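The values are calculated or read from the model by the stated rules, or taken from the named source; none is laboratory data. Just so we're clear, the structure is a prediction, and the values are computed from it rather than from any experiment. We place every Cβ from the backbone using ideal geometry, glycine too, and count neighbours over all the protein chains shown.
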Amino acid sequence: MNGKKKALFIDRDGTIIVEPADEQVDSLEKLEFVPGVISALASLSGLGYEYVMATNQDGLGTESFPEETFRPAHEKMLKTLAGEDVRFDDMLIDPTFESEGAPTRKPGIGMFGRYLTGEYDLAASYVIGDRLTDVLLARNLGARAILLQPREHGAAQIAEAGLSEVCALVTDRWAEVAAFLRAEERTAVVSRSTRETQITVSLDLDGLAPSSISTGIGFFDHMLEQIVHHAGVSLSVEAHGDLQVDEHHTVEDVAIVLGEAIFRALGSKRGIERYGYALPMDECRALVLLDFGGRIDFEWDAEFRREKVGDMPTEMFRHFFKSLAESARCNLHVSARGENEHHKIEGIFKAFARAMRMAIARNVFSYELPSSKGVL
């Protein structure tokens with residue numbers, strides 16, 4: 001998070017509303033929304049993007065396209081969107097004809113001056129439109145593009161124009177656009193390097209990427225893999241530590257980096273369930289109480305009679321979860337009972353993963369903060 005603003009620069013005709021054959025929405029009868037656009041834009045309203053409409057309206061204000069024929073349908077469109085809490089922070093409308101070659105006409109960036117001052121993180125912003133000019137605009141702004149076209153046809157256009165690195169998604173379904181942008185928020189990559197360890201963790205809370213775990217501690221890898229499977233996340237952990245000394249630094253630092261990755265990937269926390277879980281495993285039972293509310297508290301009620309399980313010291317399990325709780329800024333209460341030490345600790349990791357799965361689950365139709373205080 002760099003503190004800068006980010007924006008969705010959204011085309012109008014062909015993207016928000018259907019573009020008629022004559023390319024002018026100049027009457028209420030011609031006003032028709034692109035399927036899925038209203039619910040998609042409403043579902044994205046909590047992700048921190050400013051909504052900026054950016055549209056070319058050929059000859060607007062001339063005899064061929066008078067303002068009085070443009071405004072009724074335009075205002076009706078805006079009123080309908082506002083009824084679903086979708087409002088634009090800015091509207092950029094270029095009225096020139098393509099033949100004029102005006103710098104304000106997309107894909108030119110002449111009307112985007114306020115977004116080029118460094119206040120906006122354009123690399124984290126998107127241009128969404130149905131034409132190649134929208135993808136070119138994204139390139140010119142230093143943003144990424146989403147092309148609203150049938151995938152095969154649109155991908156061919158992008159490849160032919162050499163814009164594959166700019167265009168992040170090609171789809172003709174607004175539901176896929178919304179899912180893509182929501183997934184973008186739910187990822188994090190965190191690295192930590194000390195004299196004892198070098199750790200990199202990549203986390204995708206929606207499980208959209210392959211997973212790989214390598215810490216040099218076999219049983220620890222096995223336990224982290226339980227988080228992948230039972231939390232439904234994608235997790236890559238690459239850890240190099242001073243195992244010739246002992247396992248302490250590696251386990252502790254993986255916990256710190258993983259906790260930080262969870263915290264960052266949760267982002268605004270809007271719409272998450274927040275809480276989560278108990279489960280039995282053979283003769284054992286494990287209870288994990290979890291709250292991603294932003295405050296730190298840790299309780300541990302589990303004892304082990306063996307010094308090690310596999311190649312991992314049992315004393316490190318408590319330390320792992322304590323470090324993770326502090327780094328993830330969460331309440332984490334863990335208890336376990338049972339006879340088999342392997343089952344007991346595996347039950348704890350599985351219960352934690354299931355609690356995490358419950359807590360990070362997000363209602364795509366509601367982006368309220370799960371707090372009566374209005375802040376987490």
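How many residues, within region 48-57, are in a loop (DSSP other than H, G, I, E, B) and closer than 17 Å to LEU137 by Cα?
Of the residues in that region, 1 qualify.
Return the pairs, sorted by first residue and then second, in which the second residue is among the basic types (Lys, Arg) and at pLDDT below 85, the first residue lies in region 352-369 and is closer than 13 Å to ALA231 by Cα, the beta carbons are less than 6 Å apart, and the residues are 6+ apart or on different chains.
Close Cβ pairs satisfying both conditions: ALA359/ARG274.
Mind listing whichever residues of region 1-17 are assigned to a loop (DSSP other than H, G, I, E, B), aliphatic (A, V, I, L, M) and within 14 Å of HIS74 (Cβ to Cβ)?
Result: ILE16, single match.
Report yes if HIS333 is surrounded by fewer than 18 Cβ atoms within 10 Å (Cβ to Cβ), at pLDDT 90 or above and closer than 22 Å to THR197 by Cα, otherwise no.
No; evaluated as a whole, the condition is false for this residue.
Name the residue that is surrounded by the fewest Cβ atoms within 10 Å (Cβ to Cβ), counting only residues in region 201-231 that are of a type in the set (A, V, I, L, M, F, W, C) and part of a strand (DSSP E or B).
Out of the qualifying residues, it is ILE213.
Can you tell me which residue is nearest to ILE93 (Cα to Cα) among those in region 26-47 that are of a type outside the set (Ser, Thr, Tyr), in a loop (DSSP other than H, G, I, E, B) and modelled with pLDDT under 95?
This residue is ASP26.
Under 24 Å from LEU31 (Cα atoms) and in a helix (DSSP H, G or I): does that describe ASP85?
no
Based on what the data block shows, is PRO103 surrounded by fewer than 13 Cβ atoms within 10 Å (Cβ to Cβ), modelled with pLDDT of 95 or more and outside the structural domain of ARG264 (by TED's automatic domain parsing)?
yes
In the list ARG192, ARG151, ARG173, which residue meets the criterion of being among the charged types (D, E, K, R) and not assigned by TED's automatic domain parsing to the domain that holds LEU47?
From the options ARG192, ARG151, ARG173, the qualifying one is ARG192.
Which of the residues spanning region 185-198 are touching a Leu at 6+ places or on another chain (Cβ under 9 Å) and surrounded by 18 or more Cβ atoms within 10 Å (Cβ to Cβ)?
Within region 185-198, GLU185, ARG186, THR187, ALA188, VAL190 meet the criteria.
Considering only region 279-330, state which residues are over 26 Å from VAL245 (Cβ atoms), in contact with a helix residue (DSSP H, G or I) (Cβ under 6 Å, 6 or more places away or on another chain) and part of a strand (DSSP E or B).
LEU279, MET281, CYS284, ALA286, VAL288, LEU290
Would you list the strands (runs of 3 or more DSSP E) that sit entirely within region 104-200 and hold 2 or more residues that are farther than 30 Å from LEU243 by Cα and of a type outside the set (A, V, I, L, M, F, W, C)?
126-129
Look at GLU160 and say whether it is closer than 29 Å to VAL25 by Cα, exposed (fewer than 14 other Cβ atoms within 10 Å of the Cβ) and more than 26 Å from the chain's Cα centre (by Cα).
No; evaluated as a whole, the condition is false for this residue.
Condition first: buried (at least 21 other Cβ atoms within 10 Å of the Cβ) and of a type in the set (Gly, Ala, Ser). Now tell me which residues in region 1-39 satisfy that.
Of everything in region 1-39, just one residue is buried (at least 21 other Cβ atoms within 10 Å of the Cβ) and of a type in the set (Gly, Ala, Ser), namely ALA7.
May I ask you to list pairs of residues, at least six apart or on different chains, whose Cβ atoms are under 8 Å apart, with the first in region 244-262 being assigned to a helix (DSSP H, G or I) and the second being buried (at least 24 other Cβ atoms within 10 Å of the Cβ) and of a type in the set (Ser, Thr, Tyr)?
Final answer for the pair search is THR250/THR215; VAL251/THR215; VAL254/THR215.
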